[in-house]
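Q: Can you read through this structure? Questions will come right after.
The values are calculated or read from the model by the stated rules, or taken from the named source; none is laboratory data. These numbers were taken from a predicted model, which means no experiment stands behind them. Here Cβ is always computed from backbone atoms with ideal geometry, including for glycine, and neighbour counts include all displayed protein chains. In case anyone asks, the SASA skips ligands and DNA or RNA and just uses the protein heavy atoms, side chains included. Shrake-Rupley method; radii C 1.70, N 1.55, O 1.52, S 1.80 Å.
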Amino acid sequence: MSRNSLQLRLIAGGIAAIVLALALAGLGLTLLFERHVGRTVSQDLDIHLKKLLAGLDVDANGRIVITGEGPVDPRFSEPLSGLYWQISDDRGQMLRSRSLWDSSLVLPKDEPAAGEVHRHVATGPSDGRVLIAERRVRLDIKGREIPVTVAVAIDATHVTAATSAFATDLVIALGLLGTVLAAATVIQVGLGLRPLDVLRRGVANVRAGRDLQLAASVPDEVRPLVDEVNALLAARAEEVERSRHRAADLAHGLKTPLAALAADARRLREAGQSEIACGIDEVIETMRRHVDRELARARLHGVGRSRQNASTLLGPLIRSLVATLARTPEGIRTTYEIAIDDAVTVPFERSDLAEALGNLLENATRHARNCVRIAAAADGRSITVEDDGPGIPEMVRPTVLARGGQLDQRGGAGLGLAIVQDVVEAYGWTLRLDTSESGGLRATIAPNA
């Protein structure tokens, strides 16, 4: 696919949208997970805090003690486990969980109201960051109300680690999902653009003459385009048909004046005006060649012409053309060698093939010294006409294939080979000129490579 490909643009746009959507979804899900973990951790801290408060008491000496079970999480007994509790009052008395070891929680200066839980992020053991849930209560110690601060903390890396693990798993999952969605996008774009490929093949079939119009069995979104193209083809076909009729009418209209001129030329020759008669004959031949070419072109570009299944037996056609040429003044002195199997067929309409080969044989007969040879491949994929005449130098061969090009002055308008070229190109073949073994011209028609 090129950079200007519509399919590439759609696929790239779809994949870009998928990547953006998955990136935003991943970010959003990670934030939601982090909030969920944070809420879960806060709930756990509240539970531990309530258990501490439930076991909080004062002994006979006025010291704060923990009665009952207290928090039972084993991490409170494991040094630096990441889960800690601490109880302190304004007299400097402090109780700590074993997990704090020889350190303590540095609580921010705060004055929570009675029964209110405050949450902080502070520095914990080993300079780690901890999440703290703090609550203040008042205890009656020897007739005096003493404010007591109870705090439970957990290492913030636990939340970060859980979030990172979730994000890693999420990236893998979203990567797999993105791959599936990208593949689905490629398939979807391919299926969506398939009608355009069908349309392209339909246009190619119309151009090749295999179909007259595009198939109407297309999706609704493409149908207006197909209808417009079919309307354009129909209008073009009508115009071509009118042009064919005009060309045919013009050509046929010229035949009568040409016949009259030929009769005048004969009378002039009989009256001894041979030079003038020859000049008129040359003009007549020039006009006849132009008429023949225009009739051939009009026939080749006819409406509804399908050449896909055209087939003609080559041998009988060649013998028919040779029999006609053998009666001409040039043909009487020429020997024709035909090396063609009777079963050889070629993919041409008989009239079009006769037009092309007739011109090749006529040119070869006109220029041959003694012999013209016609051969064909066994599969009918090439036809060769060669003579033993002077040939055509390689540097000037393009001239004779150009419209009106000619190298001699023995009649004709130089259109014979141009007509051959028009005919074979209409069938996807090509005309090639080179030198025969006898030094003359060899003309070969064969399918395009």
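Q: Tally time: how many residues in the stretch 398-449 are more than 25 Å from residue 348 (Cα to Cα), out of contact with any Gly (no Cβ under 9 Å at 6 or more places or on another chain) and at pLDDT 85 or above?
A: 1
Q: Quick one: which of 96, 138 is in contact with a strand residue (DSSP E or B) (Cβ under 6 Å, 6 or more places away or on another chain), of a type outside the set (S, T, N, Q) and modelled with pLDDT of 85 or more? Let's see the steps before the verdict.
A: Details: 138 fails: modelled with pLDDT of 85 or more.
Answer to the selection: 96.
Q: Can I ask one more? Of all residues in the stretch 378-400 being aliphatic (A, V, I, L, M) and in contact (Cβ under 8 Å) with a residue 12 or more places away in the chain, which is nearest to residue 434 (Cα to Cα)? Even if it seems obvious, please write down each step before you answer.
A: The first filter runs over the stretch 378-400 and keeps only residues aliphatic (A, V, I, L, M), leaving 378, 383, 385, 392, 395-396, 400.
Applying the additional criterion that residues be in contact (Cβ under 8 Å) with a residue 12 or more places away in the chain yields 378, 383, 385, 392, 400.
Details: 378: 21, 383: 13, 385: 11, 392: 8, 400: 12 Å.
So, considering only residues that are aliphatic (A, V, I, L, M) and in contact (Cβ under 8 Å) with a residue 12 or more places away in the chain, the one nearest to residue 434 (Cα to Cα) is 392.
Q: Now a separate question. Which one is surrounded by the fewest Cβ atoms within 10 Å (Cβ to Cβ) among residues in the stretch 204-237 that are within 28 Å of residue 12 (Cα to Cα) and modelled with pLDDT of 85 or more?
A: So in the stretch 204-237, the residues within 28 Å of residue 12 (Cα to Cα) come out as 218-226.
Of the ones still in play, those that are also modelled with pLDDT of 85 or more are 223-226.
Values: 223: 13, 224: 10, 225: 14, 226: 20.
Checking each candidate, the answer is 224.
Q: Name the single residue, out of those in the stretch 114-140 being open to solvent by 50 Å² or more (accessible area, probe 1.4 Å) and in a loop (DSSP other than H, G, I, E, B), that is farthest from residue 153 (Cα to Cα).
A: 114
Q: Taking the options 106, 37, 19, name whichever one is in a loop (DSSP other than H, G, I, E, B), of a type in the set (A, V, I, L, M) and either out of contact with any strand residue (DSSP E or B) (no Cβ under 8 Å at 6 or more places or on another chain) or open to solvent by 90 Å² or more (accessible area, probe 1.4 Å) (or both).
A: Details: 37 fails: in a loop (DSSP other than H, G, I, E, B); 19 fails: in a loop (DSSP other than H, G, I, E, B).
Going through 106, 37, 19 in turn, just one is in a loop (DSSP other than H, G, I, E, B), of a type in the set (A, V, I, L, M) and either out of contact with any strand residue (DSSP E or B) (no Cβ under 8 Å at 6 or more places or on another chain) or open to solvent by 90 Å² or more (accessible area, probe 1.4 Å) (or both): 106.
Q: If you check 221, 239, which single one turns out to be without any contact (Cβ under 8 Å) to a residue 60 or more places away in the chain and in a loop (DSSP other than H, G, I, E, B)?
A: Numbers: 239 fails: in a loop (DSSP other than H, G, I, E, B).
The match here is 221.
Q: So, one more: Say we look at the stretch 328-361 and pick out the residues that are surrounded by 13 or more Cβ atoms within 10 Å (Cβ to Cβ) and acidic (Asp, Glu); which of these is nearest to residue 311 (Cα to Cα)?
A: Restricting to residues being surrounded by 13 or more Cβ atoms within 10 Å (Cβ to Cβ) and acidic (Asp, Glu), the top hit is 349.
Q: Here is a follow-up. Quick check on the stretch 129-151. Is at least one of its residues basic (Lys, Arg) and under 22 Å from residue 10 (Cβ atoms)?
A: From the stretch 129-151, those basic (Lys, Arg) are 129, 135-136, 138, 142, 144; that's our starting set.
Now restrict to residues that are under 22 Å from residue 10 (Cβ atoms): none.
Taking every residue of the stretch 129-151 in turn, none turns out to be basic (Lys, Arg) and under 22 Å from residue 10 (Cβ atoms).
Q: Look through the stretch 306-323, keep the residues that are at pLDDT below 90 and surrounded by fewer than 15 Cβ atoms within 10 Å (Cβ to Cβ), and return whichever of them is farthest from residue 382 (Cα to Cα).
A: Result: 306.
Q: Further question: Residue 42 is checked against (1) open to solvent by 50 Å² or more (accessible area, probe 1.4 Å); (2) under 30 Å from residue 89 (Cα atoms); (3) of a type in the set (S, T, N, Q) and fails just one. What number does that condition carry?
A: (1) is the only condition that residue 42 fails.
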